[in-house]
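Undergrad: Mind having a look at this structure? Questions to follow.
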Amino acid sequence: MICALCKSEAELKNSHIIPEFLYKTMYDDKHRFHVLSTIPEQRNSMLQKGLSEKLLCAACESKLSKWERYASLVLKGGLSLGVERSGNLVIITDIDYSKFKLFQLSILWRASVSTLPFFKNVNLGVYEEKLRVMLVNSDAGKSNDFGCIMYGLKHEGVVTDLIVQPSRDRLNNITCYRFVYGGFQWLYMVSSQVNTKYNEAFIQPSGKAVFLVKNIFEASFISRFGAELIRMGRLNSPD
């Protein structure tokens, strides 16, 4: 079989689209978690492992796992980083730009090449190959190459036990993809234009990242997802 990343013929591994470490806070005492879906042919279900499929060879799995390990330390507070808070704004410094940006990009690319129904809304089209080449070459690019805006989500503490089906949207005529995982909403911007307007919101080569912490109920696309689940009878309506 052909590896989706390096394009070599090899035995393929069961590759997670969203890394397994991001599911750990979601598991119950039987190591299961709920998958809520608005896809008519895919009912709500219980899984014991994160969503995966035969996608990458062992060498490419190892390549991506290095970026995942680094991102895990960043997201879980396992590194000595500079942190400054001003109201709901958080500024983090001393991040390894290349490793963290490549982690961000790898998830966007995996979601685009995935054949799983959960990721059907992510389709990078002509940008998919450009992103694949960047990952093969460990090239994080400029800050506004597939720039990602991060929003910390909170509700009676940080919300780390939620992964939402990615959605496609438009922001000021720029195509973007919204993900929720690891306690953040990740807004990936995909455009041939240089997104200088949002540049300060993307992680910088200097290692600086800025994000806004907001209540989860302020995330309108999550509210729309919940409303659609209720309409389909897959989620109880709140009182």
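Undergrad: Need the failing condition index for Ser62 against (1) under 15 Å from Ile17 (Cα atoms); (2) in contact (Cβ under 8 Å) with a residue 12 or more places away in the chain, just the number.
TA: Here Ser62 clears every test but (2).
Undergrad: Restricted to segment 56-93, and to residues that are more than 20 Å from Leu153 (Cα to Cα) and among the acidic types (Asp, Glu), which residue is most open to solvent (accessible area, probe 1.4 Å)?
TA: The selected residue is Glu61.
Undergrad: Moving on. Which pairs have Cβ atoms under 8 Å, sit 6 or more apart or on different chains, and link a residue in segment 126-142 that is over 15 Å from Ser114 (Cα atoms) to one that is among the small types (Gly, Ala, Ser) and not in a helix (DSSP H, G or I)?
TA: Met134/Ala140; Met134/Gly141
Undergrad: Here is a check on your reading of the model: is Glu11 at pLDDT below 90, more than 30 Å from Lys208 (Cβ to Cβ) and open to solvent by 40 Å² or more (accessible area, probe 1.4 Å)?
TA: No: the conditions fail for Glu11.
Undergrad: Here's a follow-up. Based on what the data block shows, is Ala111 more than 15 Å from the chain's Cα centre (by Cα) and either on the phi > 0 side of the Ramachandran plot or modelled with pLDDT of 85 or more (or both)?
TA: The answer is no for Ala111.
Undergrad: Among Lys76, Lys99, which is within 15 Å of Ile203 (Cα to Cα) and among the basic types (Lys, Arg)?
TA: Only one candidate qualifies: Lys99.
Yes/no matrix, rows are residues, columns are (1) touching a strand residue (DSSP E or B) at 6+ places or on another chain (Cβ under 7 Å); (2) at pLDDT 90 or above; (3) closer than 29 Å to Leu12 by Cα; (4) of a type in the set (A, V, I, L, M, F, W, C):
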position: Lys120; (1), (2), (3), (4): no, yes, yes, no
position: Met134; (1), (2), (3), (4): no, yes, yes, yes
position: Val159; (1), (2), (3), (4): yes, no, no, yes
position: Ser167; (1), (2), (3), (4): yes, no, yes, no
position: Val190; (1), (2), (3), (4): yes, yes, yes, yes
position: Val194; (1), (2), (3), (4): no, no, no, yes
position: Pro205; (1), (2), (3), (4): no, yes, no, no
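Undergrad: Residue pairs, Cβ under 6 Å, 6 or more apart or interchain, first in segment 97-111 and open to solvent by 10 Å² or more (accessible area, probe 1.4 Å), second not aliphatic (A, V, I, L, M). List them.
TA: Tyr97/Pro205; Tyr97/Gly207; Lys99/Trp67; Lys99/Tyr70
The values are calculated or read from the model by the stated rules, or taken from the named source; none is laboratory data. Every value quoted in this text rests on a predicted model; they were computed, and no experiment measured them. Reconstructed Cβ throughout: ideal geometry from the backbone, glycine too, with neighbour counts over all protein chains shown. Keep in mind that these areas ignore ligands, DNA and RNA; they rest on the heavy atoms of the full protein, side chains included. Shrake-Rupley method; radii C 1.70, N 1.55, O 1.52, S 1.80 Å.
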